[in-house]
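Everything on this sheet refers to the single structure shown next.
Derivation of every value follows stated rules applied to the coordinates shown; laboratory data play no part. For clarity, every value in this text was computed on a predicted model and none was experimentally measured. Cβ atoms come from the backbone with ideal geometry, glycine included; neighbour counts cover every protein chain shown.
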Amino acid sequence: MSVGLAVRLGSWGELADKASAIRFTVFVDEQKVPAELELDEFDAVSCHALAQVGAAVVGTGRLLPDGHIGRMAVLAGWRGQGVGAALLRALIDEARRRGMARVVLNAQTHALGFYARFGFSPEGGEYEEAGLPHRTMHRAL
Ligand SMILES: CC(C)(COP(=O)(O)OP(=O)(O)OC[C@H]1O[C@@H](n2cnc3c(N)ncnc32)[C@H](O)[C@@H]1OP(=O)(O)O)[C@@H](O)C(=O)NCCC(=O)NCCS
């Protein structure tokens, strides 16, 4: 884990500006997801995680009330340093704290190995979402 890495959780009202800036950089600018798909009605009811290294905001993710984890994004220059792991752990811990029995996510296929390291198993076949190949993964808590 990076020195000085901190993850905080908060509502969309608290974290929208910083979280959406990361998401637009990663999903819209880098991965070419259509901008109109990036923010949705689930943001307002989700718990959001924000990763910072000092003053720099470097990653985000969210937990929906139904146990779906999503919108996991780390800025390209900060990948491979434990930021995604810290975000995922924080969201899993929050799901456990809320008494959820399992967490589920729609993983981009390139990230299957990342989520598998944290105990997620794939279920069902591959499908397309926002123009990118995905598979559903789940983990019991
Ligand atoms: C997927 C993503 C969130 C991972 O974040 P990250 O900060 O690079 O991940 P970490 O450095 O915390 O990696 C944790 C572990 O997973 C491994 N890992 C990271 N990405 C991986 C991948 N794509 N496949 C397999 N293993 C991976 C790391 O090597 C590390 O292993 P270690 O603990 O043995 O060192 C990041 O690559 C990202 O934002 N990608 C672009 C957006 C995206 O595709 N998000 C996923 C949407 S489903």
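Side notes on the structure shown:
- Distance (nanometres) between label positions extended 7 Å along Cα→Cβ at Lys32 and Arg89: 3.6
- Between segment 37-77 and segment 82-106, the Cα center-to-center distance that results, in Å: 12
- About the Cα centre, charge dipole magnitude for segment 5-140 (Lys/Arg +1, Asp/Glu -1 at Cβ), debye: 700
- Full extension of the segment from Arg117 to Ala101, taken as 0.36 nm per residue of separation minus the current Cα-Cα distance, would add 3.8 nm.
- The helix-only estimate of mean residue ellipticity at 222 nm for the chain, built from DSSP H runs of length n ≥ 4 each weighted as -39500 (n - 2.57), is -7000 deg cm²/dmol after division by the residue total.
- Rounded, prolate or oblate (a/c below 1.5 giving rounded, otherwise prolate when a/b exceeds b/c) for the chain by Cα gyration tensor: rounded
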